[in-house]
Amino acid sequence: MAAPHVAGLAALIKQKFPNFSPAAIGSALSTTASLYDNSGKPIMAQRSYPSPELNQSPATPFDMGSGFVNATAALNPGLLFDSSKSLNELLNHYIYNVYGNFNISEISTTVAV
Amino acid sequence: MEILIFQKFQQRLQYRLDLNCVNFNFLFVGYDDYMSFLCGINGSASTVLDYTGQNCLNFNSTGYGSDLNLPSITIARLNQSRVVQRTLQNIAENETYSVGWSSPYGVSVKVSPTRFSLANGERQVLSVIFNATSNSSTASFGRIGLFGNQGHVVNIPVSVIVKISL
């Protein structure tokens, strides 16, 4: 059930910082995440299908990403890793790559985003 | 004819947007960057061709997946050394950060600067220098921590898969 909880937190961040891009919201959630569970122990990953509880080791970023989300910290991230590209710049970039030099305004009504 | 081309264009645009919406962060970095990242994984070419229909020969150019300004660093194949840059923006009040890190096994990591001060809204570029110190194709993991004197802690997971030293 991670996705619905994180989606709710993303909405809270967007409410506090309405000008945050999706990348900025993701940055706030990731950089403030914790490597420890709520009993203070390292997050563990199960390493086998048979007896998974007996075959555990500390989780790597490939198991857990940045860790467990921390709602309070994510609402006050301090630093952000953001992208300087706006959505329009990005769409122009795609359109240029797909079909040559198009102006976004000529086709924007046909782009479903 | 024009209508046909336009329909085809719409299909390709939609396809590309769908692919990039898989990860919101990738929405901001572009299809080709993502392809270069996938193709940079050792031996991925046939899988990439199966799933995307794209030939990796067209994507082995300059772009590294690790150049995306994400709050993490992943290097699929570290051939001796690589410099990765990240741009940070301070959205809180004035703060001085000190930088600490742990290197992945088989890799030496240096981050500069190790200390910086930012006012609200200011940006700082962080350079991370990776050097392979052993040969391995087993993933290893490290971490970069930015510790602010006003209590903010910013963590960046670091992963290096294939390491090739001299």
| Listing B:Tyr97, B:Tyr105, A:Tyr49, B:Tyr51 from the residue with the fewest other Cβ atoms within 10 Å to the one with the most, what is the order? | A:Tyr49, B:Tyr51, B:Tyr105, B:Tyr97
| remark: Going fewest to most other Cβ atoms within 10 Å around each Cβ, B:Arg123, B:Arg115 line up as B:Arg115, B:Arg123
| note | By the Cα gyration tensor axes a ≥ b ≥ c (a/c under 1.5 gives rounded; else a/b larger than b/c gives prolate, otherwise oblate), the shape of region A:2-82 is prolate
| Between the DSSP loop rule and a limit of at most 15 other Cβ atoms within 10 Å, which trypsin sites (Lys or Arg not before Pro) in region A:1-89 are left? | A:Arg47
| Quick one: if you stick a label point 7 Å off each Cα along the C-beta vector at B:Asn120 and B:Thr87, how many nm between them? | 2.2
| task | Report, in whole Å, the centroid distance computed from the Cα atoms of region A:25-73 and region B:91-154. | result | 20
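None of the figures in this text is laboratory data; all of them are computed from the coordinates on show. Nothing here was measured: the structure is a model prediction, and the numbers come from that model. Cβ atoms come from the backbone with ideal geometry, glycine included; neighbour counts cover every protein chain shown.
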